[in-house]
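Since the structure comes first, as structure tokens, the remarks are kept for the end.
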Amino acid sequence: MDYPRPCGCKGRRTCLSCEAELGILRSDFYTTFQHSDSYVYCPLCSKIYPGWDVEKVMNEHSAVPSHRGTAGEEYGGVYIDLNFLSMEEETQLLDALDEMPWDVSQSGRRKQNFGPKTNFKKTRLKAGQFAGFPRSTEFVQRRFANVPLLATFQTIEQCSLEYDPERGASIDPHIDDCWIWGERIVTVNLLSDSVLTMSLHRNADGKSKYNLNFVDQYRDRLLAELVDEQTLASYENRIVRIPMPRRSLLVLYGPPRYQWEHSVLREDICDRRVCLAYREFTPTYLQGGSDFSQSEVIFERAKQFWDHRTETVAS
């Protein structure tokens, strides 16, 4: 089970295809989370409120100006722009993405990956065949400059991810690698609404996961201070449901980036959803960092944009 199956899954990750064909019992995070205290993040006031149903909570709150009379809790490290793209821009972007080939990925997803070659276990980085990004997506990166939180963001990896309910697409709770990918986790959501479910990361077996040990090398350069153990303990048995509306921009940083795992539940994929995920380097690979010599060529390639209709470029 540790080797990739024809559907793209391996290990504990499954989709409807391999579950049916091989009789694999999938990890049921939905049921597990149902036994937790659930909260919904509201992008209108940047606070969390008790509840599971994102749409219901948002509708209730949007009817109350500034949420007067309600008592939300702080949940920092999340930024949402509900109107990042127009309907026309979304259509043009999706048409261009679908003109390029999709590769199978784990958990019923498909992907298009543009970025350097990384080995997370051995912490090795190579430029590989990375030659920049499709020109049809360039305007998305350019628009980041209009978001104060992303003013210094330098895209190094852009990944298109497709979630289709017919394949049982999802992504298990995880934290993005901390050796190579920087603090800001950026996602542009397309085609349908969905939800990002946050669950507190606890290192039960004592082994370092996600290369989290690397965070100590650049902790003093984070945009948001991480919370202490006592504060984390107050969130035990709690999940936070973050809305990902169609055409919105979502940025995670600080505690949600490093101290919470994020997932997309199969039950939250009702229609085809496509997202663009953007990653930056950790400070050690930025100019002035100890490993900048390994990333300098990659930064130059990341400035390039090519026409997918006239150029054939390996990702």
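The values are calculated or read from the model by the stated rules, or taken from the named source; none is laboratory data. Remember, it's a predicted structure, so these values are computed and weren't measured experimentally. Cβ placement follows ideal geometry from the backbone for every residue including glycine, while neighbour counts extend to all protein chains displayed. For the accessible areas, the whole protein counts, side chains as well, though only heavy atoms, and no ligand, DNA or RNA atoms are used. Shrake-Rupley method; radii C 1.70, N 1.55, O 1.52, S 1.80 Å.
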* Quick one: GLN230 ticks every box in (1) in contact with a Leu (Cβ under 9 Å, 6 or more places away or on another chain); (2) free of Cβ contacts under 8 Å to residues at least 12 places away in the same chain bar one, so which box is it? -> (1)
* To do: Could you grab me the full set of residues in the range 197-251 that are within 23 Å of VAL264 (Cα to Cα), hydrophobic (A, V, I, L, M, F, W, C) and open to solvent by 50 Å² or more (accessible area, probe 1.4 Å)?
  => ALA204
* Identity of the residue in the range 220-230, out of contact with any helix residue (DSSP H, G or I) (no Cβ under 9 Å at 6 or more places or on another chain) and either modelled with pLDDT of 95 or more or in a helix (DSSP H, G or I) (or both), that ends up nearest to HIS201 (Cα to Cα) -> GLU229
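Using the structure shown, decide if ASN211 is among the polar types (S, T, N, Q), over 23 Å from ILE239 (Cβ atoms) and out of contact with any helix residue (DSSP H, G or I) (no Cβ under 7 Å at 6 or more places or on another chain).
Yes; evaluated as a whole, the condition is true for this residue.
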* Residue that is nearest to GLN141 (Cα to Cα), among those in the range 252-264 that are open to solvent by 10 Å² or more (accessible area, probe 1.4 Å) and in a loop (DSSP other than H, G, I, E, B) -> TYR253
* Asked: How many of the residues in the range 150-172 are open to solvent by less than 10 Å² (accessible area, probe 1.4 Å) and of a type in the set (Phe, Trp, Tyr)?
  -> 1
* Structure fact -> Pairing a residue in the range 166-187 that is over 12 Å from SER263 (Cβ atoms) and in a loop (DSSP other than H, G, I, E, B) with any residue that is of a type in the set (Asp, Glu) and open to solvent by 10 Å² or more (accessible area, probe 1.4 Å), where Cβ atoms lie under 7 Å and the two sit 6 or more apart in sequence or on different chains, gives GLY182/GLU280; ARG184/GLU280
* Here is a list of conditions, (1) open to solvent by less than 60 Å² (accessible area, probe 1.4 Å); (2) over 22 Å from the mean Cα position of the chain (by Cα); (3) of a type outside the set (Phe, Trp, Tyr), and GLU88 meets all of them except one; can you say which number that is? -> (1)
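Matching residues to (1) over 30 Å from ARG26 (Cα atoms); (2) among the acidic types (Asp, Glu):
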{"position": "ASP177", "(1), (2)": "no, yes"}
{"position": "ILE185", "(1), (2)": "no, no"}
{"position": "ARG202", "(1), (2)": "no, no"}
{"position": "VAL215", "(1), (2)": "yes, no"}
{"position": "PRO255", "(1), (2)": "no, no"}
{"position": "TYR258", "(1), (2)": "no, no"}
* **Tabulated pairs, the range 237-253, first within 10 Å of LEU82 (Cβ to Cβ) and charged (D, E, K, R), second open to solvent by less than 20 Å² (accessible area, probe 1.4 Å) and in a loop (DSSP other than H, G, I, E, B), C-beta under 6 angstrom, 6+ apart or interchain** => ARG246/SER192; ARG247/LEU85
* Asked: Has the range 54-67 got any residue that is under 24 Å from CYS178 (Cβ atoms) and either surrounded by 14 or more Cβ atoms within 10 Å (Cβ to Cβ) or at pLDDT 95 or above (or both)?
  -> no
* Out of all the residues in the range 275-297, which are hydrophobic (A, V, I, L, M, F, W, C) and either assigned to a loop (DSSP other than H, G, I, E, B) or within 30 Å of LEU196 (Cα to Cα) (or both)? -> CYS275, LEU276, ALA277, PHE281, LEU286
* Asked: Within the range 91-111, which residues are under 19 Å from the mean Cα position of the chain (by Cα) and either among the small types (Gly, Ala, Ser) or farther than 28 Å from ASP307 by Cβ (or both)?
  -> SER105, GLN106, SER107, GLY108
* Consider ARG143 carefully, then state whether it is open to solvent by 60 Å² or more (accessible area, probe 1.4 Å), in contact (Cβ under 8 Å) with a residue 24 or more places away in the chain, charged (D, E, K, R) and in a helix (DSSP H, G or I). => yes
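Is at least one residue of the range 2-21 among the polar types (S, T, N, Q) and surrounded by fewer than 16 Cβ atoms within 10 Å (Cβ to Cβ)?
no
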